[in-house]
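S.K.: Mind looking over this structure? Questions follow.
What follows draws every value from the coordinates through simple rules; no lab data is involved. It should be emphasised that the depicted structure is a prediction, and the values quoted were computed from it without experimental measurement. In this analysis, Cβ positions are derived from the backbone assuming ideal geometry, glycine residues included, and neighbour counts consider all displayed protein chains.
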Amino acid sequence: MLSIKDSKLLKNQCYINGQWHDADSGATLAVINPADGSELGTVPNISPAQVKQAIDAANQAWGAWRAKTAGERAGILRKWYELIMENQEDLAVLMTAEQGKPLAEAKGEIAYGASFVEWFAEEGKRIYGDTIPAHQQGTRILVLKEPVGVCAAITPWNFPSAMITRKAAPALAAGCVMIVKPASQTPLSALALAELADRAGISPGVFSVITGSSPVIGKELTEDSRVRKLSFTGSTDTGKLLMQQCAGTVKKISLELGGNAPFIVFDDADIDAAVQGAIICKYRNSGQTCVCANRILVQDRVYDEFAGKFIKAVESLKVSSGFEQGAQQGPMIDIPAVEKAERLIDDALSKGAVLLTGGKRHHLGGTFFEPTVLGSVTPDMQIASQETFGPVGPLFRFKTEEQAIEMANNTDYGLAAYFYSRDMGRMWRVSEGLEYGMVGINTGIISTVAAPFGGIKQSGVGREGSRYGIEEYIEIKYLCISMI
Ligand code: ADP
């Protein structure tokens, strides 16, 4: 049994129109603890008709929600934020249980996720319109900002809470309503958020959480013309599919897809800081984030020094259940994730890479994997072009700044990039040369509610967080007024 103080946060039903529901058919999906394979509970595998009910409810709820003042919506969202923070410990336990990340990381995610609710509650009050100098006498031009309407969100398992609030908070603050389909591996965190939304007084239908088959729910949500927008975070392949499905009804979309982050260490860098930055950037959440360093590019002159210190730091990482004191790396999400890491390592080794540490399943068994470092990795290896999503750090060697930028940009992805340098001119040249939506300079952690998160190229469309994030949920209406 999970040790949570408030047992009502552990749900086995989904939340539609302000009520808790089983599937019409009674069908369920099991939720598994990746640390030991045990079953934590079940959630409903709902029918297409129930997805329609959620859309009906959202559509009905929209009018009253948008009619509230921004201040009224902010007050309710503020309550939701406070309830999330009051229950931070329980929510973190649920997350570690279903996702595997160390409890300290889970607590951090709950606070990070809650910060979007706090931020956008306030930002909703500042959705200003415009007046534009008119094109002719006797005319006035006004720009109104209006909510998009019924929105849907499909979210991943690697951040079971924050990827929901990052979408739902700006949507609700702007006067939209939202239906969330969380990843099937991690629905419990999402349902607990729904319970707290209910307690906060978010009206029925304004925020629903539905569970079940991804393709079935995805199809219903994308084909229904009443759903005006889809916000998705997940793999590039699924993002492309959903983008196609949204074309039928020309929905607005926000996509936060895969990455292939370069982490560049120049020879003028503070090497110890670069090692620390690379460790946190690469191995947090067992390497399962879209902004994790995917390729570590190190300049020739400091390659050996960096590699030596990096390996030592990687070997000192504590691998254990996320609930153990001091845990730094928990299990991976499932066996296919482990197999992907193995495949990429095998491919690299077969093409001349060198195994510097780790490289295989951990003796703890299940989906635990050794923190791994590969040396002498080259661009022809699969790990150079694929998103690893695992605790495998491949080291590449480069000679010049131009070469580093070229290698870094040689990918279809464009989410996050990182580099370490203390040279002012280089900071500007490299920052501007990198084809990425986000660049971390002398830091391996860049996510914050205050900054716009998102990618270019095949890493996505749109931005989340910051004052830009709310624009994704706003339509512009222009009034042309003739003073006859
Ligand atoms: P990952 O590899 O991280 O699991 P996915 O893109 O498969 O990435 O999953 C991200 C989210 O997309 C999850 O909520 C998943 O259930 C959902 N998903 C996967 N396939 C589909 C689909 N065909 N239609 C709608 N949603 C999907």
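S.K.: What's the FRET efficiency of Ser431 with Leu241 using the Cβ-Cβ distance as r and R₀ = 45 Å, to the nearest 0.05?
M.R.: 0.85
S.K.: Mean 1/r over all different Cα pairs, inverted: what Kirkwood radius does the chain give, in Å?
M.R.: Taking every pair of different Cα atoms in the chain, averaging 1/r and inverting gives 23.3 Å.
S.K.: Under a crude label model (7 Å from the Cα following the beta-carbon direction), how far is Ile476 from Glu146 in nanometres?
M.R.: Each label point is offset 7 Å from its Cα along the Cβ direction, giving 1.5 nm.
S.K.: Separate question: Could you please rank Ser3, Ser231, placing first whichever residue has the fewest other Cβ atoms within 10 Å of its Cβ?
M.R.: The most exposed by this proxy come first: Ser3, Ser231.
S.K.: For the chain, what is the calculated [θ] at 222 nm in deg cm²/dmol (nearest 500), taking -39500 (n - 2.57) for each run of four or more DSSP H residues and dividing by its residue count?
M.R.: Computed mean residue ellipticity for the chain: -12500 deg cm²/dmol.
S.K.: Here's a follow-up. Report the extension gain between Ala111 and Gln137 in nm, rounded to one decimal, defined as 0.36 nm multiplied by the number of residues separating them, less their alpha carbon distance.
M.R.: Using 0.36 nm per residue and subtracting the Cα-Cα distance, I get 4.1 nm.
S.K.: Distances over 19 Å make up what percent of all Cα-Cα pairs in segment 1-90?
M.R.: 60
S.K.: So how much slack lies between Ser214 and Ala104, counting 0.36 nm per residue of separation and subtracting their Cα-Cα distance, in nm?
M.R.: 36.6 nm
S.K.: Sticking with this structure for a sec: Give me, ordered by chain and number, the residues 5 or more places off Val298 or on other chains with an amide H under 5 Å from its own placed amide H.
M.R.: Counting only residues 5 or more places away or on other chains, the set is Val265, Phe396, Arg397, Phe398.
S.K.: Further question: Could you order the peptides 43-51, 19-27 from most to least packed, using the average number of other C-beta atoms within 10 Å per residue?
M.R.: Output ranking for 43-51, 19-27: 43-51, 19-27.
S.K.: Also, quick follow-up: Counting only DSSP beta bridges with both residues in the chain, tell me the antiparallel percent, nearest 5.
M.R.: So the antiparallel bridges amount to about 40 percent of the total.
S.K.: Would you mind pulling out the separation of the Cα centroids of segment 376-432 and segment 99-166, in Å?
M.R.: About 31 Å separates the Cα centre of segment 376-432 from the one of segment 99-166.
S.K.: Let me ask something else about it. Lys360 to Ile456: FRET efficiency via 1/(1 + (r/R0)^6), r the Cβ-Cβ distance, R0 45 Å, to the nearest 0.05?
M.R.: The computed FRET efficiency comes out at 0.80.
S.K.: Right, something else. At R0 = 22 Å, how high is the FRET efficiency between Thr400 and Ser350 if r is their beta carbon distance? Nearest 0.05 is fine.
M.R.: Efficiency at R0 = 22 Å is approximately 0.15.
S.K.: Another question, if that's okay. Take the cross-link list Lys5/Lys52; Lys340/Lys399; Lys107/Lys282; Lys8/Lys101; Lys5/Lys219 and give me the ones stretching past 28 Å between alpha-carbons.
M.R.: Lys5/Lys52; Lys340/Lys399; Lys5/Lys219
S.K.: Helix 214-223: angle to the longest alpha-carbon principal axis of the chain, degrees 0 to 90, nearest 10?
M.R.: The helix 214-223 is inclined about 40 degrees to the chain.
S.K.: So for the pair Ala67, Lys5, with labels modelled 7 Å out along Cα→Cβ, what separation do we get in nm?
M.R.: Each label point is offset 7 Å from its Cα along the Cβ direction, giving 3.9 nm.
S.K.: Could you run the Karplus curve 6.51 cos²θ - 1.76 cosθ + 1.60 with θ = phi - 60° over segment 459-474 and give me ³J(HN,Hα) per residue in whole Hz, x for Gly and Pro?
M.R.: Going residue by residue, I get 8, x, 9, x, 10, 10, x, 6, 5, 6, x, 6, 5, 5, 10, 10 Hz, with x marking Gly and Pro.
S.K.: What are the trypsin sites (Lys or Arg not before Pro) within segment 372-459 that DSSP puts in a loop, where the Cβ has at most 16 other Cβ atoms within 10 Å?
M.R.: Lys399, Arg422
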